[in-house]
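Here's the structure we're looking at; comments come further down.
The values are calculated or read from the model by the stated rules, or taken from the named source; none is laboratory data. None of the values given here were measured: they were computed from a predicted structure. Cβ placement follows ideal geometry from the backbone for every residue including glycine, while neighbour counts extend to all protein chains displayed. To get the accessible areas, we keep the full protein, side chains included, count just its heavy atoms, and leave off ligands, DNA and RNA. Shrake-Rupley method; radii C 1.70, N 1.55, O 1.52, S 1.80 Å.
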Amino acid sequence: MTDLTTSVHRSITEVKQGEWNAIVAQQSRTGSVFERYEWLLAYERGTDAVGHHVQVRKNGTLVGVHPSFVRSLPGTPVRFLGPAMPGSNGALVATDEAAVFDAIADEMAAATGGRTIGHLLKPASPRSLRYATRLQARGYVPSVRDCQFELDIDRDWDAVAADLAQKKRRNLRKADEMGVTATELPVTDASIRTFARDHETHMERIGGQGTTPSFLQALLSTAGDRIKLFSAQVDGESAGQLLAVVGHERDCLYLLFPAYDADLFRYYPSEVLYRGAIQWGIDEGLSTCNYGDTHPDIDDGTYTFKSDFGGEPVATVRWERIGSRAGKLLYLLGGDRIVDRIRRPIARLVGA
């Protein structure tokens, strides 16, 4: 008889780092860098978020995990359980998939009630589609509120460049003529502080939420080896920066946080930085470059930029379950609007 036990932890520090990461990185085959211990720890430290991390053990051995955080719905007294921002929070299972998945789902159902109206599960991998029938049977509803652009970089730069829109190739030629280059910066306390300041200014200009200096500093301390920082240089001066994260779990480079100066757009820093980051990923032997969450709207400039830069849109499927009548009413009356208020700023994290 299978002996499964579950436990819930309010902080990732309550679990064993090696055990947790082994499920995420190897055994589940569905995990990502955003579900690793280090990313979750940085999110807790940088945002004061309270965790609701589930572990499932079989005869004492860890066989399943699911990270989530208690999150408030803006403008309401209620909250829900969901992933870090940015991030994903799949049900990550090593063995006995059906039983372990059900144990995770049972724990999340027990956690919803009262002010905690629901649960949002956002898998990182399309492999998680295997759980769709079980999620639907438990009252989860799929939604697509944004997408991610992915680019195949398991090829040389010339092949990648051939897939760019003509306008982007032309902009890169102009940047080259002006001597604009992309440089990888050392990731240090000082460089992260400078980037965080410039990123915050950029987000204020475009009306986006972005991320915070405290999160970036926490990420430096927990996962500094995963961070890559690129700068567009003109005559030795910065015309913009881009922070990327290496996800070996999915063999992917994620372009997450920009910091552009609107007065220097004439140097095409976004195009130069994307090219520089992609070339770095190619040299490192990564297979995919991910441009981050994007609002799926053809009139959205960020969507157009990423499409023109060779990316293919991939739907981000979320599974949402509202566990109370009051919560369902709130969701029906304003849920889409509320969730959009949470999500749309994140969709603008990377773009021209």
For LYS58, what accessible surface area do you get with a 1.4 Å probe? Give it in Å², rounded to 10.
60
One would report the Cα pair-distance distribution of region 161-275, bin width 10 Å, in %, as 14, 43, 34, 9, 0
Roughly what % of DSSP beta bridges within region 1-120 run antiparallel, to the nearest 5?
85
Leaving out same-chain residues fewer than 8 places away, which lysines sit with a Cα under 21 Å from that of LYS58?
LYS16
At 1.4 Å probe size, put TRP20, TRP157 in order of accessible surface, largest to smallest.
TRP157, TRP20
Given charges at beta-carbon only (K, R positive; D, E negative), |dipole| of the chain in Debye
1280
Per-bin percent of Cα-Cα distances, region 1-130 [5 Å]
2, 11, 23, 25, 21, 12, 5, 1, 0, 0
Solvent exposure of the chain as accessible area per residue, Å², 1.4 Å probe:
43
In sequence order, what are the phi-derived ³J(HN,Hα) couplings for region 251-266 according to the Karplus relation 6.51 cos²θ - 1.76 cosθ + 1.60 with θ = phi - 60°, rounded to whole Hz, with x for glycine and proline?
6, 9, 10, 9, 8, 9, 10, x, 8, 10, 9, 4, 6, 10, 5, 5
Applying 1/(1 + (r/R0)^6) with R0 = 25 Å to the Cβ-Cβ distance of THR188 and ASP48, what FRET efficiency is obtained, to the nearest 0.05?
0.50
Taking the chain on its own, what percent of its Cα-Cα pair distances exceed 34 Å?
26
Total charge of the residues flanking GLU44 in space, meaning their Cβ is under 15 Å from its Cβ, with Lys and Arg +1 and Asp and Glu -1, is 0
Check cross-link reach from LYS168 to the lysines: straight Cα distance under 29 Å, and skip same-chain residues fewer than eight apart.
LYS228, LYS306
